[in-house]
Amino acid sequence: MSELKKILENFTRLEGVRGALVVGHDGAVQESFFERETDAAKVASLVGACVRLGQGTAATLNLDNLTQVYLQYPDVSVTSEVLASNDASLVILADSGANLGRIRLEIRKNRKIIEGFGA
């Protein structure tokens with residue numbers, strides 16, 4: 001198992017986290033880990049589209065760079081943190097009701113390490 005995959009696996013130790021992945025803004029999955037079968041390509045495509053839309057909106061409105069995309073559905077939440085390279089995101093898929101503050105804290109703690117893998 002790759003070192004990056006191990007880091008992504010650690011996110012699933014947080015209560016309610018289903019999985020984590022690093023996705024390019026072109027929608028390509030760079031690495032992923034899920035506790036149960038999940039179509040990583042579909043999640044990556046959704047996140048890639050949302051990030052591109054957010055970046056376009058920021059440019060149109062003369063805003064600073066997009067840093068995070070958050071999507072909430074009745075049974076799942078998707079948190080996507082744009083990485084320093086600005087062409088990839090760390091994505092966490094969690095059950096509704098999961099502790100989002102804890103998830104975001106873990107994202108901040110692991111962000112630099114993940115960016116070190118060239119993500």
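The values are calculated or read from the model by the stated rules, or taken from the named source; none is laboratory data. Not measured: the values here are computed from a predicted model. Cβ placement follows ideal geometry from the backbone for every residue including glycine, while neighbour counts extend to all protein chains displayed.
Summary of values
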{"read-out": "In segment 91-100, the residues that are surrounded by fewer than 24 Cβ atoms within 10 Å (Cβ to Cβ) and either closer than 18 Å to residue 26 by Cα or of a type in the set (Asp, Glu) (or both)", "value": "95"}
{"read-out": "Those residues of segment 78-113 which are more than 18 Å from residue 23 (Cβ to Cβ) and either of a type in the set (Phe, Trp, Tyr) or assigned to a strand (DSSP E or B) (or both), in sequence order", "value": "95"}
{"read-out": "Among the candidates 114, 103, residue that is more than 18 Å from residue 15 (Cα to Cα) and at pLDDT 90 or above", "value": "114"}
{"read-out": "Selection within segment 16-36 - farther than 20 Å from residue 74 by Cβ and either without any contact (Cβ under 8 Å) to a residue 12 or more places away in the chain or part of a strand (DSSP E or B) (or both)", "value": "20, 21, 22, 23, 24, 29, 30, 31, 32, 33"}
{"read-out": "Residues that are surrounded by fewer than 14 Cβ atoms within 10 Å (Cβ to Cβ) and part of a loop (DSSP other than H, G, I, E, B), drawn from segment 64-77", "value": "64, 65, 67, 73, 74, 75"}
{"read-out": "Test for residue 52: is it in a helix (DSSP H, G or I), at pLDDT below 90 and of a type in the set (Lys, Arg)", "value": "yes"}
{"read-out": "Segment 1-15: number of residues that are closer than 19 Å to residue 99 by Cβ, over 15 Å from the mean Cα position of the chain (by Cα) and without any contact (Cβ under 8 Å) to a residue 60 or more places away in the chain", "value": "1"}
{"read-out": "Residue in segment 46-63 that is loosely packed, with under 14 Cβ neighbours inside 10 Å and within 23 Å of residue 16 (Cβ to Cβ) present", "value": "no"}
